[in-house]
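Student: Quick one: structure below, then a few questions.
The values are calculated or read from the model by the stated rules, or taken from the named source; none is laboratory data. It should be emphasised that the depicted structure is a prediction, and the values quoted were computed from it without experimental measurement. Heads up, the Cβs are rebuilt from the backbone with ideal geometry, glycines too, and the neighbour counts pull from every protein chain shown.
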């Protein structure tokens, strides 16, 4: 493992694009799971973001023989007692599937329905992320990040993915999906978690080799 090649433990193109952009100046060679068809779907059976991130990173490191970086992230809405939380990606899997509707669209529709009638001041929420790195030798490291905001009453913007069209950044007042990529990466939960991981990366890599 002399060359710093890492595998991002995801097939989500939005995540791969974001993380690759954030890592562009690190000297790391980044590959996604599409380069490793032998790696099957990894079931997220953890009950916390950290458990799921480590589960994915460890599985991919063992399957590929390379250092793997995985994140588990989600949206925590105060008025919904922290939901959808670790179930953010599959929040609407129990909802009817309309023709042509994506999972992201269903998730957003369900969230808006759950918050119907809730005033702005009580729609506080945060994106949360745990970033985990795992090496084939079993060594791991984790880092966390969060992003405070509110849930809007209607979607805006065309950038990003997931709940980005509904999440209002507390600092700028813009929806996450309205922010240009570089601005979003500087503010986001994923960007903060990755920055924290990079701060401990030299020590991690030394023990991973």
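Student: Is it fair to say residue 51 is assigned to a loop (DSSP other than H, G, I, E, B), under 18 Å from the mean Cα position of the chain (by Cα) and surrounded by fewer than 21 Cβ atoms within 10 Å (Cβ to Cβ)?
Tutor: Values: assigned to a loop (DSSP other than H, G, I, E, B): no; under 18 Å from the mean Cα position of the chain (by Cα): yes; surrounded by fewer than 21 Cβ atoms within 10 Å (Cβ to Cβ): yes.
Spelling it out, it is not the case that residue 51 is assigned to a loop (DSSP other than H, G, I, E, B), under 18 Å from the mean Cα position of the chain (by Cα) and surrounded by fewer than 21 Cβ atoms within 10 Å (Cβ to Cβ).
Student: Something else: Which residues, taken from region 66-80, are in a strand (DSSP E or B) and surrounded by fewer than 21 Cβ atoms within 10 Å (Cβ to Cβ)? It would help to see each step written out before you state the result.
Tutor: The first filter runs over region 66-80 and keeps only residues in a strand (DSSP E or B), leaving 67-77.
If the condition is that a residue be in a strand (DSSP E or B) and surrounded by fewer than 21 Cβ atoms within 10 Å (Cβ to Cβ), then 76 is the only one that fits.
Student: Considering only region 146-170, state which residues are more than 22 Å from residue 71 (Cβ to Cβ) and out of contact with any strand residue (DSSP E or B) (no Cβ under 8 Å at 6 or more places or on another chain).
Tutor: Result: 153, 154, 158.
Student: Then there is this: Would you confirm, using the coordinates I've provided, whether residue 83 is surrounded by 15 or more Cβ atoms within 10 Å (Cβ to Cβ) and either over 17 Å from residue 142 (Cα atoms) or more than 20 Å from the chain's Cα centre (by Cα) (or both)?
Tutor: Numbers: surrounded by 15 or more Cβ atoms within 10 Å (Cβ to Cβ): yes; either over 17 Å from residue 142 (Cα atoms) or more than 20 Å from the chain's Cα centre (by Cα) (or both): yes.
Spelling it out, residue 83 is indeed surrounded by 15 or more Cβ atoms within 10 Å (Cβ to Cβ) and either over 17 Å from residue 142 (Cα atoms) or more than 20 Å from the chain's Cα centre (by Cα) (or both).
Student: Here is a list of conditions, (1) over 26 Å from residue 93 (Cα atoms); (2) touching a helix residue (DSSP H, G or I) at 6+ places or on another chain (Cβ under 8 Å); (3) at pLDDT below 95, and residue 187 meets all of them except one; can you say which number that is?
Tutor: Result: residue 187 passes all but (2).
Student: Do we have residue 40 as surrounded by fewer than 17 Cβ atoms within 10 Å (Cβ to Cβ), over 30 Å from residue 119 (Cβ atoms) and touching a residue at least 40 places away in the same chain (Cβ under 8 Å) here?
Tutor: Details: surrounded by fewer than 17 Cβ atoms within 10 Å (Cβ to Cβ): yes; over 30 Å from residue 119 (Cβ atoms): yes; touching a residue at least 40 places away in the same chain (Cβ under 8 Å): no.
Judged against the criteria, residue 40 is not a match.
Student: Another question about this same structure. Restricting to region 1-32, give me the number of residues that are in a helix (DSSP H, G or I), surrounded by 17 or more Cβ atoms within 10 Å (Cβ to Cβ) and touching a helix residue (DSSP H, G or I) at 6+ places or on another chain (Cβ under 7 Å). Please lay out each step first, then the result.
Tutor: Within region 1-32, the first condition is being in a helix (DSSP H, G or I), and the residues that meet it are 13-22.
Those still in the list that are surrounded by 17 or more Cβ atoms within 10 Å (Cβ to Cβ) too: 15-16, 18-19, 22.
Subsequent filtering for residues that are touching a helix residue (DSSP H, G or I) at 6+ places or on another chain (Cβ under 7 Å) retains 18-19, 22.
The total comes to 3.
Student: Still on this structure, I have one more. Please count how many residues of region 95-110 are without any contact (Cβ under 8 Å) to a residue 40 or more places away in the chain and either in a strand (DSSP E or B) or in contact with a helix residue (DSSP H, G or I) (Cβ under 9 Å, 6 or more places away or on another chain) (or both).
Tutor: Within region 95-110, the first condition is being without any contact (Cβ under 8 Å) to a residue 40 or more places away in the chain, and the residues that meet it are 95-103, 105-106, 109-110.
Adding the requirement that they be either in a strand (DSSP E or B) or in contact with a helix residue (DSSP H, G or I) (Cβ under 9 Å, 6 or more places away or on another chain) (or both) leaves 95-98, 101, 103.
The number of residues fulfilling the criteria is 6.
Student: Taking helices (runs of 4 or more DSSP H) that fall entirely within region 111-209, which contain at least 3 residues that are over 17 Å from the mean Cα position of the chain (by Cα) and surrounded by fewer than 15 Cβ atoms within 10 Å (Cβ to Cβ)?
Tutor: Values: elements: 181-187, 189-199, 201-208.
Because the criterion is at least 3 residues that are over 17 Å from the mean Cα position of the chain (by Cα) and surrounded by fewer than 15 Cβ atoms within 10 Å (Cβ to Cβ), the helices (runs of 4 or more DSSP H) in region 111-209 that meet it are 201-208.
Student: For region 5-31, give me each residue that is more than 14 Å from the chain's Cα centre (by Cα) and either at pLDDT 90 or above or more than 24 Å from residue 176 (Cα to Cα) (or both).
Tutor: Those that are more than 14 Å from the chain's Cα centre (by Cα) and either at pLDDT 90 or above or more than 24 Å from residue 176 (Cα to Cα) (or both): 5, 6, 7, 26, 27, 28, 29, 30, 31.
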